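Before any comments, here is the structure.
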Amino acid sequence: MQSNFGPPELAVSAAAAAYSAQAAALARRLELPLLATGIDAAECAAAVALLIVDDRLLRVQLTGRGAPGPVLVDFGSAGMRHRRASGARELLGRAVGQGKKAVLRVLDATAGLGRDAFVLADLGCEVLLCEREAVVVELLRSGLRLAAANGDAWLAAVVERMRLHHGDAREVESACLREVDTIYLDPMFPPRRKSAAVKKEMTLLQTLLQPAADPQDADALLLWALRQGTARVVVKRPAKAPSLAAQQPSHSIRGKSVRYDVYVHRKL
Ligand SMILES: C[S@@+](CC[C@H](N)C(=O)[O-])C[C@H]1O[C@@H](n2cnc3c(N)ncnc32)[C@H](O)[C@@H]1O
């Protein structure tokens, strides 16, 4: 993830001296440079973005004046709570087959910042979140840890249904895959030309992960998922985008800006 010229793209900094050991351990784990404690992201020229460690949530902050706010995984935030009331979550639940069996097991093969996985877990699914990018895994781990410990019984119960796996979804053991009812894929970042409308999280993730976000990679992921023999595979697509890998779904569930392509292999 590091460029040969100019500042490294990502570096780690502790928000205060009390977290410097934690920050040093994180920098070692991710093989990233460790910068001074308490560095001001607005004035930092040594990295494009900082991973900031404090006692609450790990966050990624773009450096420079006027940079947007940090990206973090806060499952208890007002935004996440607000999503509970949105119709969009019902569409996702219907697409994966929630309600068709007592406990639906979903493999979220492209976990990202875990929002879809959280919605599914809140609907009652058991969710295995696969994420291959180490930095994103650290954000997720931090979010899951805080949610489990913050004293909110609802939040703790939801994250209890979420398990995190660091690695490519295609490397999940077959014994584990046999337990899965539905594989869920959201591999695509919105195209760059629409970036003005894209949320800041996605813009930052795109900046960090763009080399890995190759459309053919997404096609290959769907073809892999369709070979696994799970009852369903669901793909989230921009509303007007073609189906992945030119595979016609059994049916699609359409929202305003997204569409879920549902590939049904057998009844749940
Ligand atoms: C568009 S984001 C997913 C956003 C997510 N649905 C959410 O609600 O936050 C796609 C993520 O999938 C990850 N990814 C893509 N292909 C993967 C694979 N084969 N295995 C594991 N993770 C993958 C990327 O690193 C990226 O973080």
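What follows draws every value from the coordinates through simple rules; no lab data is involved. Please read all numbers here as calculations on a predicted model, not as lab measurements. Don't worry about glycine lacking a Cβ; one is built from the backbone with ideal geometry, like all the others, and counts go over all protein chains shown.
If you take every residue apart from LYS101 with its C-beta less than 15 Å away from the C-beta of LYS101, what net charge results, scoring Lys and Arg +1 and Asp and Glu -1? Walk me through the intermediate numbers first.
Working: positive: ARG94, LYS100, ARG105, ARG161, ARG232, ARG266, LYS267; negative: GLU126, GLU179, ASP181.
Charge balance in the 15 Å sphere: +4.
Mean Kyte-Doolittle hydropathy of -1.0 or higher plus an axial Cα length of 18 Å or more: which whole DSSP H helices in the chain meet both? Before the final figure, lay out each step's value.
Values: long enough: 134-149 (22 Å, 1.33).
TM-like helix candidates: 134-149.
Fewest Cβ neighbours within 10 Å first, please rank ASP217, ASP74 accordingly. Display every interim value, and only then the final one.
Working: ASP217 11, ASP74 18.
In increasing order of surrounding Cβ atoms, one gets ASP217, ASP74.
Kindly rank 52-60, 180-188 from highest to lowest mean number of other beta carbons found within 10 Å of each residue. Present the calculation step by step, with values, prior to reporting the outcome.
Values: 52-60: 19.1, 180-188: 23.0.
Listed from highest to lowest mean packing, they are 180-188, 52-60.
Could you point to the residue in ALA218, LEU144, VAL12 farthest towards the positive end of the chain's charge dipole, with +1 and -1 charges on the Cβ of Lys/Arg and Asp/Glu respectively?
Checking the options against the dipole of the chain, the answer is ALA218.
Using alpha carbons only, how many angstrom separate the centre of segment 140-188 from the centre of segment 1-79?
24
Using unit Cβ charges (K, R positive; D, E negative) and no other charged atoms, how large, in debye to the nearest 20, is the dipole of segment 10-62 about its Cα centre? Let's see the in-between values first.
Details: 4 positive and 5 negative charges, 38 e Å.
Using Cβ point charges on Lys, Arg, Asp and Glu, segment 10-62 gives about 180 debye.
Hand me the tally of lysine pairs in the chain: alpha carbons under 24 angstrom apart, and the pair either on different chains or 8 or more positions apart.
Going through the chain pair by pair, I get 16.
Neighbour counts of other C-beta atoms within 10 Å: give me ARG105, ARG237 arranged from fewest to most. Please list the in-between numbers first.
Details: ARG105 18, ARG237 21.
Least crowded to most crowded, the residues run ARG105, ARG237.
For the chain, take N as its residue count and report Rg(C-alpha) divided by 2.2 N^0.38 Å. Walk me through the numbers before you get to the answer.
Details: Rg = 18.9 Å, N = 268, 2.2 N^0.38 = 18.4 Å.
Compactness ratio reported: 1.03.
With the contact rule set at Cα under 8 Å and sequence spacing of 6 or more, what percent relative contact order holds for the chain? Display every interim value, and only then the final one.
Values: 480 pairs, mean separation 38.3, N = 268.
Normalised by residue count, the contact order of the chain is 14 percent.
Amide H of TYR184 versus every other amide H placed in the peptide plane: which residues, excluding those fewer than 5 positions away on the same chain, fall under 5 Å?
Answer set, sorted by chain and number: LEU107, ASP108, ALA109, VAL234.
Where a ≥ b ≥ c are the square roots of the eigenvalues of the C-alpha gyration tensor, would you call segment 10-62 rounded, which needs a/c under 1.5, or, failing that, prolate if a/b is larger than b/c, or oblate? Mind dumping the intermediate values first?
Numbers: a/c = 1.57, a/b = 1.21, b/c = 1.30.
Oblate, because a/c is 1.5 or more while a/b does not exceed b/c.
Order these peptides, 240-246, 75-81, by their mean beta-carbon neighbour count within 10 angstrom, highest first.
75-81, 240-246
For CYS176, CYS130, which order do you get if you count the other beta carbons within 10 Å of each Cβ and list the fewest first?
Numbers: CYS176 13, CYS130 22.
Ranked by crowding around the Cβ, least crowded first: CYS176, CYS130.
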